[in-house]
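Report on the following structure.
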Amino acid sequence: STLTPFAEVEDTLKRIQGINGVIGTIVVNAEGIPIKTTLDNSTTVQYAGLLHQLTMKARSTVRDIDPQNDLTFLRIRSKKHEIMVSTDKEYLLIVIQNPAE
Amino acid sequence: MSVPHKVGSVKSKQVSSFVMQDEEEGLDTAEGEEWMQGKTLVKPPDQLDLTEAELNEEITRVLKASNPNAPQNVVRYSFKEGCYKPIVFVDQMAIHFELEGNLVHKDSDEGRRLMAKQAEVDDGGGDERPDNVSIKAGKREQKLTNQFNFNERASQTLNNAPRDISCQTEPPPRANFSATANQWEIYDFYVEELQRRVKSKEKHEGQFLNKEEDKSKKKMIQAETQNDDIYQLAKVVKIIERMVNQNIFDDVAQDFMYFEDASDEFRGEKGTLLPLWTFQYDKAKSLSVTALCWNHKYNDLFAVGLGSHEFTQQGGGMLLFYTLKNPSYPEFIFNTASGVMCLDIHEHLSYLVAVGLYDGCVAVYNLKKKTDQPIYNSRASSGKHTSAVMQVKWQKDDLDSNHNFISVSADGRVVSWTLVKHELVFTDIIKLPVIDTIPDDLKDVIPTVGTSLDFHKQKDYSFLVGTEHGKIHKGSKYYSSKFLEKYDAHFMNVTRVRWNPFHPDVFISCGWDWMVKIWDQTMKSPVFTFELKTSVTDVAWAPYSSTVFAAVTTDGKVHVFDLNINKYEALCQQKVVSKKTKLFNIEFNPVHPIIIVGDDRGHVTSLKLSPNLRKKPKEKKGQDLPKGPEVEIAKMEQLLSSLR
């Protein structure tokens, strides 16, 4: 609360990236183009593209049922990782974590 | 056509024997004469058979000048007389043959012309160009200009070479547009439209402020476009951080919600404390926790005040806010100039936090504002405490609806602060009485250090103050000169005094003399006394039961008592921190069965109370157990009465 919003977000992102077990974080804009990432290029592009589509679909589903509602986040747990996607009107934040240490 | 024939009016009776024909058939007669030399009489078949007499008849033939074919009865309308009149004189000329000749008199115009043309031609050569004919008509008078001398005049214009000129315009820019029409897209649009309309209404109303707004808007817009990329992520990032933490501390979160220690059944009365999350902040390593407070509105948010208890080790201080949802990093961080000694969160307006500092200042922070600075600070104002502020407590809004709080400090004063606009206005409530051992002449100089303050839950004018000398004074806001009651509580510093949340007469106190004492305010001596083997730094009542309380000591142990179950012993005495760490504060969560304890390393540990520690009185079969404060009061009353 003492920092500008910009710095605050940067700070929080760094903290998340620094947590043990977090494999990578990706920030994607409204068109599905990744703007910030900690993973390599090909993986980033793949994740961004696929998860963007999935999130759009999920959001569409939620809003079709009730237009006043909106998607907050999406969690996909797989055998190896957990992929967490948190959404906003314009941005998508993807975090891939290995939950069980 | 008729062959001119000499026909004379000759009476002739000449009937040649060779010509047996009438002069009516003159032609045949003549011709017959020549080639018919026969003597035979030939009669044409259609000859009229006439008798001799008729043959001898004389027929007169007359020559007239009149044309037998000319009409004799031509009638013309005469306009003069208004009737038809016959025309007497009719043209009698009959034309038998007409032939136009091509002879021209040589003296006539045409003749002369033609003769001139003729002369030109004869001159030889002459121009081939037919268009000169008319020009040189004078020379060529001999040339014929008849209708059949046909002149065709043609002229060829200059044909311009054909050229293809085409124009290609630049095609209008094209863009592909695609969109989906969902119910929610429509909804979004309507919401935006509504907002736009509201804004435009506001604009119309506040038009005179436009200039200022524009300037500020411009600045805003600039700043936003820089930060726009990432700024919007703030909320999103926060959620993700919590999610990640939830994953990491998944087992802890599960324990917090669902775990109930089953082995409590076998332990008889005793209970345990299950450690949950530990909250720590790097930059607070050198500081010790001095105050804890839960937020009433958001039950997972709590405030931690960091400073130092030691006189010699004073530095800066911090005010941190943690939430159980994110154990790894504080939600709010405030740095203070000197160590925080106490804090209190307003009961209703949970964004207002009052803190008391070691240097005697009190400050009020507004969590809604994004600044590092408190909104009110008594630094510069008069009436500030001259010594460390030991306890602050919010009060109900005063008659002018200003917020106010009361503080007690080591300088012996109990002061009420009111938030008026931008200032803190102080009012002295009372001064702690000086103890007898101090000689008279120093009474004004050496104050009685007040260490703890608590206001009654129901009668909020009544309060208790604990002092460094071990006394507890009961006072009232309406009496500023004297205290109502004095209790000789402890031999040493009273670290905490608290009213029971349910029973109106009961309060608890603890001190450095290893004692925890429970009092009935009507009685001079304590109702219950417990000795815990080291100095007790804090004690707190449980919000769910009037007979449960917990205390922390400097040896790192938490002691939980339930008077209803065991009047003499603690139900749980558990060491919760590593060795040589002192515990300073304890607070119960108003809703969840957890407690937080603060230690001198700056860490806050959360612990879950096992079921045994949260017991409600047993239900008798068939009887509905009444819930609520009355039960608790009754419980306490029962206990007290047994001891009186």
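The values are calculated or read from the model by the stated rules, or taken from the named source; none is laboratory data. Keep in mind that this is a model prediction, so the values were computed, not measured. Cβ: placed from backbone, ideal geometry, glycine included. Neighbour counts: every protein chain shown.
Out of the range B:430-475, which residues are polar (S, T, N, Q) and either assigned to a loop (DSSP other than H, G, I, E, B) or at pLDDT below 85 (or both)?
Let us first name the residues in the range B:430-475 that are polar (S, T, N, Q), namely B:437, B:448, B:451-452, B:458, B:462, B:467.
The answer is B:THR437, B:THR448, B:GLN458.
Quick one: in the range B:233-263, which of the residues that are of a type in the set (Asp, Glu) and within 13 Å of chain A (Cβ to nearest Cβ) is nearest to A:VAL85 (Cα to Cα)? Can you show your working first?
First, the residues of the range B:233-263 that are of a type in the set (Asp, Glu): B:241, B:250-251, B:255, B:260-261.
Those still in the list that are within 13 Å of chain A (Cβ to nearest Cβ) too: B:241, B:250-251.
On the way: B:GLU241: 11, B:ASP250: 18, B:ASP251: 22 Å.
Per the criteria, the residue is B:GLU241.
Can we say B:LYS486 is of a type in the set (D, E, K, R), part of a loop (DSSP other than H, G, I, E, B) and in contact with a Pro (Cβ under 9 Å, 6 or more places away or on another chain)?
Working: of a type in the set (D, E, K, R): yes; part of a loop (DSSP other than H, G, I, E, B): no; in contact with a Pro (Cβ under 9 Å, 6 or more places away or on another chain): yes.
No.
The residues of the range B:274-291 that are among the hydroxyl-bearing types (Ser, Thr, Tyr) and out of contact with any strand residue (DSSP E or B) (no Cβ under 7 Å at 6 or more places or on another chain) amount to a single one, B:SER286. For the range B:313-328, a tally of residues being within 12 Å of chain A (Cβ to nearest Cβ), surrounded by fewer than 22 Cβ atoms within 10 Å (Cβ to Cβ) and assigned to a loop (DSSP other than H, G, I, E, B) returns 1. Residues that are surrounded by 22 or more Cβ atoms within 10 Å (Cβ to Cβ), within 14 Å of chain A (Cβ to nearest Cβ) and either in a loop (DSSP other than H, G, I, E, B) or modelled with pLDDT of 85 or more (or both) do occur in the range B:345-365. No other residue among B:LEU103, B:LEU50 is at pLDDT below 80, part of a loop (DSSP other than H, G, I, E, B) and of a type outside the set (Asp, Glu) apart from B:LEU50. Just need a number here: residues in the range B:564-587 that are within 14 Å of B:SER288 (Cβ to Cβ), of a type in the set (Lys, Arg) and at pLDDT below 85. Residues in the range B:564-587 being within 14 Å of B:SER288 (Cβ to Cβ), of a type in the set (Lys, Arg) and at pLDDT below 85: 1 in total. Looking at the range B:293-312, which of the residues that are touching a residue at least 40 places away in the same chain (Cβ under 8 Å) and of a type in the set (S, T, N, Q) is nearest to the other protein chains (Cβ to nearest Cβ)? That would be B:ASN295. Give me the residue from the range A:9-29 that is part of a helix (DSSP H, G or I) and either at pLDDT 90 or above or touching a Ser or Thr at 6+ places or on another chain (Cβ under 8 Å) (or both) and, out of that set, farthest from the other protein chains (Cβ to nearest Cβ). If we take residues in the range A:9-29 being part of a helix (DSSP H, G or I) and either at pLDDT 90 or above or touching a Ser or Thr at 6+ places or on another chain (Cβ under 8 Å) (or both), then A:GLN17 is farthest from the other protein chains (Cβ to nearest Cβ). Of the residues making up the range A:61-83, at least one is under 16 Å from the mean Cα position of the chain (by Cα), in a strand (DSSP E or B) and under 24 Å from B:PHE332 (Cα atoms). Restricting attention to the range B:329-344, report how many residues are out of contact with any Cys (no Cβ under 9 Å at 6 or more places or on another chain) and within 14 Å of chain A (Cβ to nearest Cβ). Residues flagged as out of contact with any Cys (no Cβ under 9 Å at 6 or more places or on another chain) and within 14 Å of chain A (Cβ to nearest Cβ) within the range B:329-344 amount to 7. Taken over the range A:78-101, the residue count meeting the criterion of being out of contact with any strand residue (DSSP E or B) (no Cβ under 8 Å at 6 or more places or on another chain) and either within 8 Å of chain B (Cβ to nearest Cβ) or not aliphatic (A, V, I, L, M) (or both) is 7.
Scanning the range A:52-77 for residues that are surrounded by fewer than 14 Cβ atoms within 10 Å (Cβ to Cβ) and more than 11 Å from every other protein chain (Cβ to nearest Cβ) yields A:GLN53, A:LYS57, A:ILE76.
Applying the selection to the range B:528-547, what residues are in contact with a helix residue (DSSP H, G or I) (Cβ under 7 Å, 6 or more places away or on another chain) and crowded, with 20+ Cβ neighbours inside 10 Å? Talk me through it step by step, then tell me what you get.
Of all residues in the range B:528-547, those in contact with a helix residue (DSSP H, G or I) (Cβ under 7 Å, 6 or more places away or on another chain) come to B:544-547.
Selection gives B:SER545, B:SER546, B:THR547.
When A:GLY32, A:GLY49 are checked against the criterion of being modelled with pLDDT of 90 or more, farther than 25 Å from B:ILE248 by Cβ and more than 7 Å from chain B (Cβ to nearest Cβ), a single residue qualifies: A:GLY49.
Name the one entry in B:GLU98, B:GLU185 that is surrounded by 13 or more Cβ atoms within 10 Å (Cβ to Cβ) and either part of a helix (DSSP H, G or I) or modelled with pLDDT of 85 or more (or both). Walk me through it before giving the result.
Working: B:GLU98 fails: surrounded by 13 or more Cβ atoms within 10 Å (Cβ to Cβ).
Every option except B:GLU185 fails the conditions.
Close contacts from the range B:567-583, counting a first residue that is in a strand (DSSP E or B) and a second that is among the basic types (Lys, Arg) and modelled with pLDDT of 85 or more, with Cβ to Cβ under 8 Å and a gap of 6+ residues or different chains, come to B:GLN573/B:LYS557; B:GLN574/B:LYS557; B:LYS575/B:LYS557; B:LEU583/B:LYS557.
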